[in-house]
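Asks: Questions regarding the structure given below will be posed in turn.
The values are calculated or read from the model by the stated rules, or taken from the named source; none is laboratory data. Owing to the predicted nature of the structure, the values given are computational and were not obtained by experimental measurement. Quick reminder, even Gly has a Cβ in these numbers, built from the backbone with ideal geometry, and neighbours come from all protein chains shown.
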Amino acid sequence: MTDTLRESPSIDALFTEATEAYRTRDFARAVPLYERVIAVRPEHTQAHYKCANAQRELGKLAQALAHYDAAVALEPEFANAWCNRGAVQQSLAQHDAALASYDRAIALDPADVLAHCNRGGLLQFLSRWGEALASYDRALDLERQLPHVWFHRGNVLRQLGRLQDVVASYSEVTRCIPENAEAHYNLGVAQELLQETRPALAAYDRALVLNPEFYEAEYNRAGVLKGLGEFEAALAGYDRAIARRPESAEAHMNRGVVLQELGRRDEALVSYGRALALRPNHAESFFNRAGLLASERRWPEAIADYDRAIALRPDFAAAYGERGRLHMDLSRLPEALVDFERAVAIDPELAEVQHHRALALLQTGDFLNGWASYEWRWKSVQRFDLIVDRVFDRPLWLGAEPIEGKTLLLYAEQGLGDTLQFCRFAASVAARGATVILEAPAELATLLVGLPGVAWVVPAGGRLPPHDYRCPLMSLPLALGTTLETLPAPRRYLTSDPDKVAAWHRRLGARKRPRVGLTWSGNPRHNNDDHRSFGLTALAGFLPPGFDYVCLQKDVRPADRQVLLDHPEILRFDAELRDFTDTAALCDCLDLVISCDTSVAHLSAALGKPTWILLGFMTDWRWLLDRADSPWYPSVTLYRQGEIGNWNGVFERIARDLKRFGTP
C-alpha cells in the first residue's frame, strides 16, 4: 500500500463526514464527500442514496436521479429510494415514471405514508381526482395527524363536488393547525358553496384575524354579505379589499353592484368605470353597468354595454338574455326573440330568459309556442306576484288526460286581473265534461260564483272538495291548445249582483250625463307599475266637461287624495267599495270605464262594459302589438303611448274620443 493511501481517510470516515455535513444541511459539502466514497466503492448503496438526497436539495435533479437509479439497481427493495426517485421524476415532469416509482415503493412498504402522499399529489396534479383521493385516504388511514394531507384532500374533494366532505377535511386542518389562515379561508369557500353563509362568514373572519392582509378572504366575505342583502357591511368589505388590492377589477365591479343596491347610482357608475379602466375587457363590468344604465332609462348606452359584454364573451348567455329583455321593453320584439334564442341555445336552463322568451312569443301572437314556454314561469326567481309554491296531492292536468266525468280544480296563481282574465277558460274545461272547482282570491270569490262552467268557488285557503286533477288558471290555454284564432272571447262572462246594481243606481241618482269610471293606478308592487300607472293630476286636466266622472279606485295613493279634493266633479266611493262585487255593480251603472292596465280594467271588460285601457310604451304581453282592439275583450279599446313616458298624447286622444262619446 502506498503512503498516499495510508494517509487518506477511510471510506467509512468519509461517509461519516458526508453524513454529518448532510445532517447540518451543508449539502454543497456533503455531495463531493459522497462522490469520493462512490468513486472508491461504487456499490455503496447508502452513499448513492444520500448523495441523491443532497443533490435534490441543491436542485441538481438529473444528478440526483442518476444516483437514485444506482441505489435501486444495487438494492431493488429499497422503498425509500424508490419513493424519492419518484419525487425527482415528478419534478422533471416524468409523470408516468414517477407514478411507477411510487407504486414500487408502496408495493415494498405498504405503510409508507410519504409514498402515498406523494402519489396523491402527482395524481392531483394530473387531475385524476378519484385516484388522488384514494391515495390521500390511504395515507390518512396510516397517520391521521397530517394536516397538509387533509388540506390537499379538501382541494380534491372540491373538484369532485363533494362539498360536505370538503368542509370536513378543511375543518380537520383547522383543528390540527388553528393558525392556518388559508385553511379557514378554504373552509369558508366550501361552506359558501353549500350556502352555509353564516359559518362561511365566521371562517372568513377567522382567516382575517390570522392574516389581516388576506385579500381573498376579505373579498369573499364581502360577497357573502352582498348575497345576504347586508349591503352597507358588504360595501365596507369591498372598500377594505380594494385598499389591499387597488388593481382588482372584480372588487370595484362588485362595489358598484352594492352601491346600486343602496340606490347610490352615480357612485356605482364610478365603480363600474374604475373596474373597466383596470380591465377594459371585463365583460361582467359591462354587463352590470348595462343593467344600471337601463334602469336609468339610458337605453342606447345600456344596449352598447350589452353589445360590448357579448363581443368580449360570445357565450355570455345572461347578457343575451338581459339585452333581449331591454329590446322587449323597447317593443323591439324581433331583436328580443333573437337574443332569447341565443341565450337558451347556450344555456337552456336559464329560467328567466325562457320565461321572457315566452312573454315575447305571446306578445307577437304566437300562442302555440308561447303557452308551452310560459311554463318556465314556475322556475323564474322573478315571480313577483305568483303564489308561493303550493302543495297538492292531485296530478297536474295540462290537456293530455281525458277529463270527462272527472273533477278538475282550477286555481289562481297570479294577480287579480290575471284571475279575472283567465277564469273564462272554466267554461271550456266544463265543455269537455269535467266538473270544475275554482279556487279564487278571497276578494274575487263571491264575484265569481255563477261563472259559466264552475260548479264550486272556494276562497283561497278554504277547504277544497275532492278532485281528480288540478290546473293553474294560466296554464289552461296550454292545456286547451288555445291559439289566437280559438281564443274564447264572449262579450260578457261576469255578472254583477242585481241588488247592488239597484243600490248604486239609487246612490248615483237620476242620470243626467254619461257616467265615466276612472282608474289611474294599480298595485304599486307590480314590477311594471312605473310604466302602467300615472298620477290623477296628469289625467284630470284632459277630462272634458259634460260627464259624471266616478272614481273606481279602492286604494287612493296619498299624492292623489288632494287632487280628488280639488276636483269635486269626480265622485268618490272608495270607502264603499268593500269588495269586487261592489265595484262590479258600480261598473254596471256606468257608460264607460277608462283605466290603466289594472284589475278594474279586466273587471269592466269581463262585464262587457265599454272599456278604454291606457297602456304605457312598455306594455304587458297580453295586449299584443300595434293594435287598438283586444282579442281577449270585444268591448275594449287600447290607447298606447307613442313614446316612453309620454302620457299626454294618450290623454289628448282620450279627450278627443270622450267628446265624440258624449255626442248624442
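Asks: Could you tell me whether segment 622-634 includes any residue that is surrounded by 17 or more Cβ atoms within 10 Å (Cβ to Cβ) and closer than 14 Å to F534 by Cβ?
Replies: Within segment 622-634, not a single residue is surrounded by 17 or more Cβ atoms within 10 Å (Cβ to Cβ) and closer than 14 Å to F534 by Cβ.
Asks: Please specify each residue of segment 192-212 satisfying the condition of being out of contact with any helix residue (DSSP H, G or I) (no Cβ under 6 Å at 6 or more places or on another chain) and on the phi < 0 side of the Ramachandran plot.
Replies: E196, R198, A202, D205, V209, P212 - these are the residues of segment 192-212 that are out of contact with any helix residue (DSSP H, G or I) (no Cβ under 6 Å at 6 or more places or on another chain) and on the phi < 0 side of the Ramachandran plot.
Asks: Kindly provide the set of residues from segment 397-418 that are part of a loop (DSSP other than H, G, I, E, B), of a type in the set (A, V, I, L, M, F, W, C) and surrounded by 15 or more Cβ atoms within 10 Å (Cβ to Cβ), ordered by number.
Replies: Residues satisfying the conditions are W397, L398, I403, A412.
Asks: On to the next question. If I filter segment 55-77 down to residues being touching a Leu at 6+ places or on another chain (Cβ under 8 Å) and buried (at least 21 other Cβ atoms within 10 Å of the Cβ), which single residue comes out as nearest to N118 (Cα to Cα)?
Replies: L65
Asks: Right, something else. Which of the residues spanning segment 134-166 are polar (S, T, N, Q) and in contact with a Leu (Cβ under 8 Å, 6 or more places away or on another chain)?
Replies: Residues satisfying the conditions are S135, Q164.
Asks: Being hydrophobic (A, V, I, L, M, F, W, C) and modelled with pLDDT of 50 or more is the filter; apply it to segment 1-18 and report the residue that is surrounded by the fewest Cβ atoms within 10 Å (Cβ to Cβ).
Replies: Looking at the filtered set, the residue picked out is A13.
Asks: In the list A302, A277, which residue meets the criterion of being of a type outside the set (V, I, T) and surrounded by 19 or more Cβ atoms within 10 Å (Cβ to Cβ)?
Replies: On inspection, the qualifying residue turns out to be A302.
Asks: Can you tell me which residues in segment 126-145 are closer than 25 Å to A93 by Cβ, free of Cβ contacts under 8 Å to residues at least 24 places away in the same chain and not small (G, A, S)?
Replies: The answer is R128, E131, Y136, R138.
Asks: Ok, one more. Select the strands (runs of 3 or more DSSP E) contained entirely in segment 542-602, then report the ones holding at least 1 residues which are farther than 23 Å from D629 by Cβ.
Replies: Once the strands (runs of 3 or more DSSP E) in segment 542-602 are filtered for at least 1 residues that are farther than 23 Å from D629 by Cβ, what remains is 548-551, 570-572.
Asks: Kindly indicate whether any position in segment 391-402 is in contact with a His (Cβ under 9 Å, 6 or more places away or on another chain) and at pLDDT 95 or above.
Replies: No, that holds for no residue.
Asks: In segment 160-170, is there at least one residue being under 28 Å from the mean Cα position of the chain (by Cα) and within 25 Å of A100 (Cα to Cα)?
Replies: Scanning segment 160-170, I find at least one residue that is under 28 Å from the mean Cα position of the chain (by Cα) and within 25 Å of A100 (Cα to Cα), so the answer is yes.
Asks: Run down Y136, Y68, Y102 and say which single residue is among the aromatic types (F, W, Y), more than 44 Å from the chain's Cα centre (by Cα) and under 27 Å from V173 (Cα atoms).
Replies: Just one listed residue meets the conditions, Y102.
One line per residue, one yes/no per condition, for (1) charged (D, E, K, R); (2) part of a helix (DSSP H, G or I); (3) modelled with pLDDT of 90 or more:
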residue	(1), (2), (3)
S127	no, no, yes
A134	no, yes, yes
D141	yes, yes, yes
Q145	no, no, no
P178	no, no, yes
D205	yes, yes, yes
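Asks: Just wondering, is there one or more residues in segment 400-409 that are in contact (Cβ under 8 Å) with a residue 40 or more places away in the chain and within 13 Å of L473 (Cβ to Cβ)?
Replies: Yes, there is a match, as at least one residue in segment 400-409 is in contact (Cβ under 8 Å) with a residue 40 or more places away in the chain and within 13 Å of L473 (Cβ to Cβ).
Asks: Here's something else I'd like to know. Would you pick out the residues in segment 78-94 that are buried (at least 20 other Cβ atoms within 10 Å of the Cβ) and either among the aromatic types (F, W, Y) or part of a loop (DSSP other than H, G, I, E, B) (or both)?
Replies: Those that are buried (at least 20 other Cβ atoms within 10 Å of the Cβ) and either among the aromatic types (F, W, Y) or part of a loop (DSSP other than H, G, I, E, B) (or both): F78, W82.
Asks: Which of the numbered conditions does A268 fail, given that it passes all the others? Conditions: (1) surrounded by 21 or more Cβ atoms within 10 Å (Cβ to Cβ); (2) of a type outside the set (V, I, T); (3) out of contact with any Leu (no Cβ under 8 Å at 6 or more places or on another chain).
Replies: So the condition that A268 fails would be (3).
Asks: Can you confirm whether segment 529-536 contains a residue that is under 27 Å from Q414 (Cβ atoms), at pLDDT 85 or above and in a helix (DSSP H, G or I)?
Replies: yes
Asks: Any residue in segment 261-272 that's within 16 Å of E250 (Cβ to Cβ): show its pairings with residues that are in a loop (DSSP other than H, G, I, E, B) at Cβ separation under 9 Å, as long as the two are six or more apart or on different chains.
Replies: Listed by first residue and then by second, the contacts come to A268/L262.
Asks: Same structure again: Could you name every one of the helices (runs of 4 or more DSSP H) located completely within segment 230-305 that has at least 2 residues being within 19 Å of A317 (Cα to Cα), at pLDDT 95 or above and in contact with a Pro (Cβ under 8 Å, 6 or more places away or on another chain)?
Replies: none
Asks: Can you find, within segment 356-370, the residue that is nearest to S331 (Cα to Cα) among those that are polar (S, T, N, Q) and part of a helix (DSSP H, G or I)?
Replies: Q363
Asks: Tell me, please, whether a residue that is of a type in the set (V, I, T) and touching an Asp or Glu at 6+ places or on another chain (Cβ under 8 Å) can be found in segment 434-455.
Replies: Looking through segment 434-455, at least one residue is of a type in the set (V, I, T) and touching an Asp or Glu at 6+ places or on another chain (Cβ under 8 Å).
Asks: Follow-up. In segment 24-45, which residues are β-branched (V, I, T) and surrounded by 15 or more Cβ atoms within 10 Å (Cβ to Cβ)?
Replies: Passing the criteria: V31, V37, I38, T45.
Asks: Restricting to segment 187-228, and then to whatever is in the same structural domain as G161 (by TED's automatic domain parsing) and touching a Gly at 6+ places or on another chain (Cβ under 6 Å), can you tell me which residue is farthest from R162 (Cα to Cα)?
Replies: The residue in question is Y204.
Asks: Hey, among I594, I613, I570, which residue is in contact (Cβ under 8 Å) with a residue 60 or more places away in the chain and of a type in the set (A, V, I, L, M)?
Replies: I594
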